[in-house]
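> Take this structure first; my questions come after.
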């Protein structure tokens, strides 16, 4: 990209994502991935990039790219409930877990229809 006659290249950084994989809290494990990103990229951007480029078996729920549904990408990011589409990737180890107090469907996807407890 050229800006005012000068070449501009965005600084590419790497985040290491430690992601819960499995179908229950008792039967699963963490798997780590390195994902390249530029400033401003969200955790959801990184997860989508991982699914496309590296591991299509990674289960994550989101709707914002093609529907008027929000809150689908909510998960634990470093122990805090956050929207993956808003949380920004950072050049460090970041831990991603499914929502607490909900049954796990697979990986980061929980059964939000069975909300018996608030997180």
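The values are calculated or read from the model by the stated rules, or taken from the named source; none is laboratory data. These numbers come from a predicted model, not from an experiment. No Cβ is skipped: glycine too gets one built from the backbone with ideal geometry, and neighbour counts run over all protein chains shown.
> Is there any pair with a first residue in the stretch 29-58 that is on the phi < 0 side of the Ramachandran plot and touching a residue at least 12 places away in the same chain (Cβ under 8 Å) and a second that is surrounded by 17 or more Cβ atoms within 10 Å (Cβ to Cβ) and part of a helix (DSSP H, G or I) whose Cβ atoms are under 8 Å apart and which are 6 or more apart or on different chains, and what are they?
33/50; 35/46; 35/50; 37/45; 37/46; 58/47; 58/50
> Going by the structure shown, is residue 24 surrounded by fewer than 12 Cβ atoms within 10 Å (Cβ to Cβ) and either modelled with pLDDT under 95 or at positive phi (or both)?
yes
> Please state which of the following conditions residue 8 fails to meet, knowing it meets all the rest: (1) at pLDDT below 95; (2) more than 12 Å from the chain's Cα centre (by Cα); (3) surrounded by 13 or more Cβ atoms within 10 Å (Cβ to Cβ).
Of everything listed in (1) at pLDDT below 95; (2) more than 12 Å from the chain's Cα centre (by Cα); (3) surrounded by 13 or more Cβ atoms within 10 Å (Cβ to Cβ), residue 8 misses just condition (3).
> Within the stretch 53-69, work out how many residues are surrounded by fewer than 10 Cβ atoms within 10 Å (Cβ to Cβ) and at pLDDT 90 or above.
Here the count works out to 2.
> Please give the strands (runs of 3 or more DSSP E) falling wholly within the stretch 22-90 in which 1 or more residues are in contact with a helix residue (DSSP H, G or I) (Cβ under 7 Å, 6 or more places away or on another chain).
Fully inside the stretch 22-90 and qualifying: 28-37, 74-77.
> Just to be sure I understand the filter: pairs with C-beta atoms under 7 Å, separated by 6 or more residues or on different chains, first member in the stretch 78-99 and on the phi < 0 side of the Ramachandran plot and without any contact (Cβ under 8 Å) to a residue 60 or more places away in the chain, second member assigned to a strand (DSSP E or B) and surrounded by fewer than 14 Cβ atoms within 10 Å (Cβ to Cβ). Which pairs pass?
That search, which allows pairs on different chains as well, returns 99/81.
> OK, next. May I ask you to list the residues in the stretch 70-83 that are modelled with pLDDT under 95 and either over 18 Å from residue 50 (Cβ atoms) or buried (at least 19 other Cβ atoms within 10 Å of the Cβ) (or both)?
Answer for the stretch 70-83, where residues must be modelled with pLDDT under 95 and either over 18 Å from residue 50 (Cβ atoms) or buried (at least 19 other Cβ atoms within 10 Å of the Cβ) (or both): 70, 71, 73, 74.
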